[in-house]
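Quick notes on the structure that follows.
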């Protein structure tokens, strides 16, 4: 089992479904949970990315476009009985507010919010039918709390995801299903390094982070694993920043 700062996570005999698992944060989460003994079902639009996860970490691949309602439902049904769910799939289409297109807005909401709703409904129904407890983590963002230029659709979708998390917690808690969100700051995925590698762009954001660095994907994976684990048994309905103190400034 993996050890993270003194806390050991043991997910043996648990099946975890991770959406958006092909790259970046989602891939790190899938790999980390697999290393903690979970049987991981990895969902992505990219068959090549999933093949690498299957080869390197033994994850079960499911190719799906979660922007499609039936595709999202079929992906969960293909996964089999799920104990742990990470709704990580997300997109960001950068447009100035005055230029935001309805298509870009609708697709952002479809992937970032509606897919989480549909996938969670399917997983929760299965848990309730089995009489089994479970845990769900929605991967949100600090952009749910603060506005960012050219991120109108993204910020709106992550704010909606936080509210969805709270409603899910209220309604699913009585069934023994815990629901939380993690809200990372800028995270140094390959795409994040490309977007924030220029010091002139990154310096103002870094200046607002007391720890003086951006997040790494493993920082997020550790937090997700904790919230999925029995160690977080009384944490429910929370939106947990992984931001180095950004929201404290």
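A short reminder: the numbers here are calculations on the coordinates, not readings from a lab. None of these values were measured; they are calculated from a predicted model. In this analysis, Cβ positions are derived from the backbone assuming ideal geometry, glycine residues included, and neighbour counts consider all displayed protein chains.
Do we have any residue at all in the range 236-248 that's in contact with a helix residue (DSSP H, G or I) (Cβ under 9 Å, 6 or more places away or on another chain), assigned to a helix (DSSP H, G or I), touching a residue at least 40 places away in the same chain (Cβ under 8 Å) and buried (at least 21 other Cβ atoms within 10 Å of the Cβ)? Looking for residues that are in contact with a helix residue (DSSP H, G or I) (Cβ under 9 Å, 6 or more places away or on another chain), assigned to a helix (DSSP H, G or I), touching a residue at least 40 places away in the same chain (Cβ under 8 Å) and buried (at least 21 other Cβ atoms within 10 Å of the Cβ), one finds at least one in the range 236-248, hence yes. Which one is surrounded by the most Cβ atoms within 10 Å (Cβ to Cβ), of the residues in the range 217-235 that are more than 14 Å from the chain's Cα centre (by Cα) and free of Cβ contacts under 8 Å to residues at least 40 places away in the same chain? The qualifying residue surrounded by the most Cβ atoms within 10 Å (Cβ to Cβ) is 230. Taken over the range 129-156, the criterion of being loosely packed, with under 15 Cβ neighbours inside 10 Å and not in a loop (DSSP other than H, G, I, E, B) is satisfied by 129, 130.
What about residue 173, is it in a loop (DSSP other than H, G, I, E, B) and touching a residue at least 60 places away in the same chain (Cβ under 8 Å)? So residue 173 does not fit the description; no.
For the range 118-128, the set of residues classified as buried (at least 18 other Cβ atoms within 10 Å of the Cβ) and either under 19 Å from the mean Cα position of the chain (by Cα) or within 16 Å of residue 71 (Cβ to Cβ) (or both) consists of 118, 119, 120, 122, 123, 124, listed by residue number. Do we have residue 193 as in contact with a helix residue (DSSP H, G or I) (Cβ under 9 Å, 6 or more places away or on another chain) and either buried (at least 18 other Cβ atoms within 10 Å of the Cβ) or part of a helix (DSSP H, G or I) (or both) here? Against the criterion (in contact with a helix residue (DSSP H, G or I) (Cβ under 9 Å, 6 or more places away or on another chain) and either buried (at least 18 other Cβ atoms within 10 Å of the Cβ) or part of a helix (DSSP H, G or I) (or both)), residue 193 does not qualify.
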